[in-house]
1. Just to check I understand the Karplus step: with θ = phi - 60° and J = 6.51 cos²θ - 1.76 cosθ + 1.60, what whole-Hz values come out for segment 28-33, glycine and proline as x?
2. Accessible surface of residue 152 in the full protein assembly, 1.4 angstrom probe, to the nearest 10 Å²?
3. So, R0 is 30 Å and r is the distance between the beta-carbons of residue 153 and residue 1; what FRET efficiency does that work out to, to 0.05?
4. Obtain the nm distance between the two label points defined at residue 179 and residue 43 by a simple spin-label model: each point lies 7 Å from its Cα along the Cα-to-C-beta direction.
5. Would you mind getting the accessible area per residue of segment 1-51, heavy atoms of the protein chains only, 1.4 Å probe, in Å²?
6. What is the Cα radius of gyration of segment 108-151 over 2.2 N^0.38 Å, N being its residue count?
7. Mind giving me the nanometre distance, one decimal, between the label points for residue 33 and residue 55, set 7 Å out from Cα along Cα→Cβ?
8. Quick check: net charge around residue 11, other residues with Cβ under 10 Å of its Cβ, Lys/Arg +1 and Asp/Glu -1?
Amino acid sequence: MEAFLVSTGIVALAEIGDKTQLLAFLLAAKFRKPLPIVLAIFVATVANHAFAAAIGAWITSLMGPDILRWVLGLSFLAMAAWTLVPDKIDEDDARLAKYGVFLTTLIAFFLAEMGDKTQVATVALAARYSSIYAVVAGTTFGMMLANVPAVYLGEKIAGRVPLRLVHGIAAAVFAVLGLATLLGAGARLGF
């Protein structure tokens, strides 16, 4: 349960103001059909984060506990710093294909999520926790918590969310996880 809750919280916070959330705003404004957009975001996120979690699990099989602890601890600290850098949507992400709402959203969201903060966080979380399914479920739920309101409420909420505060909280959570991992808090779990 811890893996699910931590994954949900970290990704939900990290996603606020992220380029994929900006993409969700853009797609909602362009198509004005929230249900297929939300469904496509869900499918793209599950696929992307399942891949990322598999990589995280694979990484744990390659490293011993001491090396893994340092890699994870430093990765979480790097994520803390990266979270403080605001995202902007790329021109390539903004180009919309002519494949319909669902497929356009699916492709755009999957590609935008590649190498994104939340995907990298999923790799680290899957390496940290032994339950890939709980991590994928948690990170997907966190993405949906951040993006469903973006799709349905769009511009109404965009100006009301204090992004610096949210990014600061997410960075603090990543930093605490990094320091706890480096200090051996995960030793009882084999890290």
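1. 5, 5, 6, 9, 6, 10
2. Ignoring ligands and nucleic acids, residue 152 comes out at about 120 Å².
3. On the way: r = 29 Å, r/R0 = 0.98.
Once the sixth-power term is evaluated, E becomes 0.55.
4. 4.4 nm
5. I get 41 Å² per residue for this part.
6. Rg over 2.2 N^0.38 Å, computed on Cα atoms: 1.18.
7. Distance between label points: 3.1 nm.
8. Values: positive: 117; negative: 15, 18.
Net of charged neighbours comes to -1.
The values are calculated or read from the model by the stated rules, or taken from the named source; none is laboratory data. Keep in mind it's a predicted model, so treat the numbers as computed, not measured. With ideal geometry, Cβ positions are generated from the backbone for all residues, glycine too; neighbour counts draw on all protein chains shown. Note: accessible area is taken over every heavy atom of the protein model, side chains too, but ligands, DNA and RNA are not part of it. Shrake-Rupley method; radii C 1.70, N 1.55, O 1.52, S 1.80 Å.
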